[in-house]
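Below you'll find the structure, written out as structure tokens, and then a few comments.
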Amino acid sequence: MLILGIETSCDETAAAVIRDMKGSPSVLSNVVSSQIKLHAKWGGVVPNLAAREHLKNILPVIDEAIQKASVSPEDIDLIAVTRGPGLIPALFIGTQEAKTLSYLWEKPLIGVHHIEGHIYANFISDKVRASIKSQISNLKQFQNSKPENPEQKANEAKKLTKLKSPIEFPTLCLVVSGGHTQLVLMKDHLKYEVVGTTLDDAAGEAFDKVARILNLGYPGGPEIARVATRDTRHSTFDAKFPRPMIDSGDFNFSFSGLKTAVLYFTKKNESLLKNKEFVAGTAAEFQQAVIDVLSQKTIAAAQKYKVKTVMLAGGVSANEELRRQLGEKIKIRLPDTAYILPPISYSLDNAAMIAAAGYFRWVKMTQKNKDDLKNNWKTLEADASLELG
Ligand code: KG4
Ligand code: ZN
């Protein structure tokens, strides 16, 4: 089965083609056209500019995804598009395009929640791919082996045809993006319970705002990560910021006070903003404060809900220090829990993750629901504040 994914919720125009590989998604192409340069001079995403760029890029991007996958439109079995949440003028371009293609090509169309896409990026992780690959190779070896007892062999083969993902439920996913900071408990595919959320700014938003305070570029996350090397944290300027809500006893977050602490600290030391060591030390201490809170709450929630897997999702999950430090803590404190990371290219906004989520929705549907998706182009609408579920 082939799935075309389309994503335009923010400032990336993205299209991808994935193939299901015996129940697991494998990426054939993943094209992302970023508008970062366009928005950087405004210090953030301008919705109408984003929509104009999406409109310009959407067809070439879809075309490239199909070409790179070496497939043709007739081969596509399902179109999956981000329906929300996001910027409405931006979402509108992707959904309109997906609806038009669904109508023209007579293909079923499914709307996907952007965060569900981020979560399902984990199902195209390196670990998952390696596990599926080795299971396929075992299966092939088994099939080629001499039949000792044909009946037993047939039974074993039956068992082996269902490949097992290393992601076992219940799973806890730390979702950290520009708009979301959530701990999402999943007891099964597509079953979400938000057990913690931010009370104010999202983690990515805090990175972006602090980068602006420190006169770093946009988007702020990669800029902070670039200057915040480990050895710069204990600089002579000794920035020390709070770890908001770290001992609150629940799984909620708050990053607005941390951002204000950085603002006051830099205001007090305004003359040092041109000093590279000062900026690097402040960025590193801010990043560490965010990582400490995110890691501690994730571990506590994983313990409380006795999960078998912890996953990371969203743009901030591209942060190498967060990936490394959370992994180390899990190894020590939850040695029996699997730790799954999406590859960095699938951490940031992309359409492979949207296609993957669409695929997992599709396989759970009844034939009637699948048939209904052929008419979905008539009614599917973008929804800026779509809820996960
Ligand atoms: O998921 P995403 O690409 O878009 C949304 O759905 O919001 O996330 C974008 C966010 C931005 O706030 C960006 O600064 C942050 O992810 N980000 C990072 C890193 N790369 C992107 N934050 C921290 N470290 C990074 N390396
Ligand atoms: Zn995103």
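Coordinate-derived values only; no laboratory data. Quantities reported herein were computed from a predicted structural model and do not represent experimental measurements. For neighbour counting, all protein chains shown are included, and Cβ atoms are generated from backbone atoms with ideal geometry for every residue, glycine included.
Couple of notes before you dig in:
- Between residue 333 and residue 275, residue separation times 0.36 nm minus the direct Cα-Cα distance comes to 17.0 nm.
- Derived scalar couplings ³J(HN,Hα) [region 174-189; Karplus, 6.51 cos²θ - 1.76 cosθ + 1.60; whole Hz; x for Gly, Pro]: 8, 9, 10, 9, x, x, 9, 9, 9, 9, 10, 8, 10, 8, 7, 4
- GNM remark for the chain: springs join alpha carbons under 10 Å apart, and the peak mean-square fluctuation among 44, 117, 94 falls on 44.
- By average C-beta atoms within 10 angstrom, highest first, the peptides 60-66, 12-18: 12-18, 60-66
- Exposure proxy for 82, 298, 282, 379: other Cβ atoms within 10 Å of each Cβ, ordered fewest to most, give 379, 298, 282, 82.
- Stretch gain in nm, segment residue 365-residue 256, where the contour uses 0.36 nm per residue and the Cα spacing is subtracted: 35.1 nm
- Which of 264, 359 has the fewest Cβ neighbours within 10 Å, and the rest in rising order: 264, 359
- Of the DSSP H helices in the chain, those whose Cα atoms cover at least 24 Å axially and whose Kyte score averages -1.0 or more: 47-68, 88-105, 126-144, 276-304
- Fewest neighbouring Cβ atoms within 10 Å first, the residues 71, 176 line up as 71, 176.
- Theoretical gain in end-to-end length, residue 106 to residue 381 [0.36 nm per residue, Cα-Cα removed]: 97.2 nm
- Computed over the Cα atoms of the chain, the ratio of the radius of gyration to the Kirkwood radius (Rg/Rh) comes to 1.01.
- What the Cα convex hull of region 261-335 gives, in volume per residue, is 104 Å³.
- Each peptide among 2-10, 131-139 gets the average number of other Cβ atoms lying within 10 Å of its residues, and from highest to lowest they stand as 2-10, 131-139.
- For residue 2, the residues 5 or more places off, or on other chains, whose built amide H falls under 5 Å of its own are 77, 78.
- For the set 127/364; 164/329; 140/306; 209/308; 127/191; 37/297, the pairs lying more than 30 angstrom apart at their alpha carbons are 140/306; 209/308; 37/297.
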